[in-house]
1. Given H placed on each backbone N at 1.01 Å, which residues far from Leu40 in sequence or on other chains put an amide H within less than 5 Å of it?
2. Compute the distance in nm between two label points, each set 7 Å from the Cα along the Cα-to-Cβ direction, one at Ile52 and one at Ser10.
3. Before I look further, what does region 6-47 give for accessible area per residue, probe 1.4 Å, in whole square angstrom?
4. For a paramagnetic label modelled at 7 Å from the Cα of Arg28 toward its Cβ, which residues of region 39-67 fall within the zone defined by backbone nitrogen distances under 13 Å?
5. Tell me, what HN-Hα J-couplings in whole Hz come from the Karplus equation 6.51 cos²θ - 1.76 cosθ + 1.60 at θ = phi - 60° for each residue of region 17-27, using x for Gly and Pro?
6. By the scheme Lys and Arg +1, Asp and Glu -1, what is the net charge of all other residues having a beta-carbon under 13 Å from that of Ala26?
7. Using modelled backbone amide H atoms (1.01 Å from N, in-plane), which distant-in-sequence or interchain residues come within less than 5 Å of Gly65's amide H?
Amino acid sequence: MDVRIGVTYSPREIDLQLGDDVDRDALRAQVDEVLADEKLVLWLTDRKGNEIGVPSAKIAYIEIGSAAEGRSFGFST
């Protein structure tokens, strides 16, 4: 599952590829909980096992992609 996090005062987004076994509803609940308190940190673990933490006060937006969507590459017309 792809997750994209926009961070305030940063022109770049954080792009993560989470494992296929991630429960979308549980992830949304975790995001909702973290965004409710500016003192919390959103911790996510990507497919490689790297842990990424983003302070909730710095999160501008979060996009949660479909677990079934394929990543495109190459040229398209």
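1. The answer is Ser56.
2. It is 0.8 nm.
3. Numbers: 3230 Å² over 42 residues.
On a per-residue basis, region 6-47 sits at 77 Å².
4. Answer for this model: 63-67.
5. Computed from phi, the couplings for region 17-27 are 10, 8, x, 5, 8, 5, 7, 4, 5, 5, 5 Hz.
6. On the way: positive: Arg24, Arg28; negative: Asp21, Asp23, Asp25, Asp32, Glu33.
In short, -3.
7. Hits under the 5 Å cutoff: Asp2, Val3, Arg4.
The values are calculated or read from the model by the stated rules, or taken from the named source; none is laboratory data. For clarity, every value in this text was computed on a predicted model and none was experimentally measured. Note that we place each Cβ from the backbone using ideal geometry, even for glycine, and neighbour counts take in every protein chain shown. These accessible areas exclude ligands, DNA and RNA; they are computed on the full protein's heavy atoms, side chains included. Shrake-Rupley method; radii C 1.70, N 1.55, O 1.52, S 1.80 Å.
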